[in-house]
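The structure appears below as structure tokens.
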Amino acid sequence: MMVGDNDIIAQGREAMARIRQGEQMSFQDWCAVGCACRIGRREAMIRAKVNEPRGPNYSLQMNGWLSDHGLGDISRMDQFYAMQMAEHAEAIAGWRDALPENKRRRFTTPHGIINGWQRSLQLPSPKVRNIVQKPRPAWKAKGAPIGFPGDMIQRAALAMRESWCNDVVVLARLALQAAVRSEHDLIELLPTKHWRATTDVVQQRQALTPAV
């Protein structure tokens, strides 16, 4: 036994007597019982020569200690949660003090107090939406996208189907050549505001080309 243990055990025994008599079960009384049980746990582990509070020998020693100190009728569940209350008394007290009076009265047993406190620690934090800027694929260019007419797509599909080739580079070349057969097909893909200027350039080029 350590210095001061007898006083803690006496306080726990008195608190347990009040709980037995059906008086209002207070947070402070259960913490006092938990502090006494923690001493019992330490002593039982020493007597059982174990490093963890488990095993038949430990249980035997713990039950004997509780009986010797006037706490033999406490259930194992109340014993466990009362020790949890004693170990986290300051944090649990802060949580309880922040509760409205009507909600605080709902938590009277060690099990209920510990569960309520643990639930308060598991509240989901507000989700922060991370907007990730995806890199632009290398094959995509800046500017307005070009829409391909249905007849161009059909020509490209027909050329790919008739090629019977598994080489994607060859298929890409065949599809482009079938879809865009000439400068006129290419001009059809341009927006209206660029169409006239491009048409003029093509017409001038054709005028300069000597006839064969």
Q) How would you rank 52-62, 76-86, highest first, on the average number of other Cβ atoms within 10 Å across their residues? A) 76-86, 52-62
Q | segment 1-98, Cα convex hull volume normalised per residue, Å³ | A | 101 Å³
Q: Along Cα→Cβ, 7 Å out, is where each label goes; now give me the distance between the ones at Ala10 and Arg119 in nm to one decimal.
A: 3.9 nm
Q: Skip the ligands, DNA and RNA, and give the accessible area per residue of segment 16-102 with a 1.4 Å probe, whole Å².
A: 57 Å²
Q) What is the spread of the Cα atoms of segment 79-118 along each of their three principal axes, largest first, in whole Å? A) 26, 17, 12
Q) Which order do Val33, Val168 take by accessible area at a 1.4 Å probe, largest first? A) Val168, Val33
Q | segment 1-124, accessible surface, carbon-and-sulfur percent (1.4 angstrom probe) | A | 50 percent
Q: Go through segment 86-98 residue by residue and turn each phi into a ³J(HN,Hα) via Karplus (6.51, -1.76, 1.60, θ = phi - 60°); whole Hz please, and just put x for glycine and proline.
A: 5, 6, 10, 4, 5, 5, 5, 4, x, 5, 5, 5, 7
**Q.** Net charge of Cβ neighbours under 11 Å - reference Leu176; Lys, Arg +1; Asp, Glu -1
**A.** +2
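The values are calculated or read from the model by the stated rules, or taken from the named source; none is laboratory data. For clarity, every value in this text was computed on a predicted model and none was experimentally measured. Ideal geometry is used to build each Cβ from the backbone, glycine not excepted, and the neighbour counts take in all protein chains shown. Calculation scope for accessible area: heavy atoms of the full protein, side chains included, ligands and nucleic acids excluded. Shrake-Rupley method; radii C 1.70, N 1.55, O 1.52, S 1.80 Å.
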